[in-house]
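Each reported figure results from applying straightforward, stated rules to the coordinates on display, with no laboratory input. Since this is a predicted model, take the numbers as computed values, not measurements. Here Cβ is always computed from backbone atoms with ideal geometry, including for glycine, and neighbour counts include all displayed protein chains.
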Amino acid sequence: MKYSRLSKEQFNLLNKEFSNYLATLSIDKLKWNLLKKKNKVNVDKILDDFSDLVWDKVISEKVYLIHFSKKQVFFFLCDLKFIELISISINSEINLKNKNIWKWITKNIFSENVDIFHSKKKYLEDRKIEIFELIKMGSIIDSGETYTKIKNLI
């Protein structure tokens, strides 16, 4: 397995796509239920292969990631040739995990309580693996809307 197995919730969200995937393997609902009961090893391989296909498709394109901690937030633009980072560190008692933090950041982005770091680099090795490592460390896939707003502010 190249990446990691999708969660139960992710499989539920991709139920139709997974059904289509099973159909390409000539597995209908009846056969799938029988496999689940009698051939756990084969079921695991099918789940892992589908998961790898999904992850590979998701991170093959331009992707935005966000990683939050209590005092820092990292915005990543994972383009095809480079990865760009904007990090914001807060030097006050504000918790960046607060849902209303964006209003505070836009109001205070140039104050002494906010440090901004911006960098851009080429991928060191395998682009997809580097992106997936960020996801494994807690980054979440994002629309890029916030990244774009922050980049336009700085």
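General remarks:
- Proximal lysines relative to LYS122, as straight alpha-carbon distance under 21 Å, when same-chain residues fewer than 8 apart are discounted: LYS57, LYS62, LYS81, LYS136, LYS151
- FRET efficiency, 1/(1 + (r/R0)^6) with R0 22 Å, evaluated for ASN91 and THR148 via beta carbons: 0.35
- Residues of type lysines that LYS36 reaches as a straight line, Cα spacing below 23 Å, ignoring anything fewer than 8 places off in the same chain: LYS2, LYS8, LYS16, LYS45
- Of the trypsin sites (Lys or Arg not before Pro) in the range 4-73, those whose Cβ has at most 14 other Cβ within 10 Å and which sit in DSSP loop: LYS62, LYS70
- Diffusion constant of the range 26-154 at 20 °C, which comes from Stokes-Einstein with the Kirkwood Cα-pair radius and 1.002 mPa s, µm²/s: 125 µm²/s
- Projecting the Cα atoms of ILE141, ASN12, ILE86 onto the charge dipole of the chain, computed from C-beta unit charges around the Cα centre, puts ASN12 farthest toward the positive end.
- Reported to the nearest whole Å, the Cα centre-to-centre distance from the range 53-86 to the range 15-52 is 30.
- For the range 113-136, the residues whose amide N sits under 13 Å from a probe point set 7 Å from the Cα of ASP79 along the beta carbon direction are 119-123.
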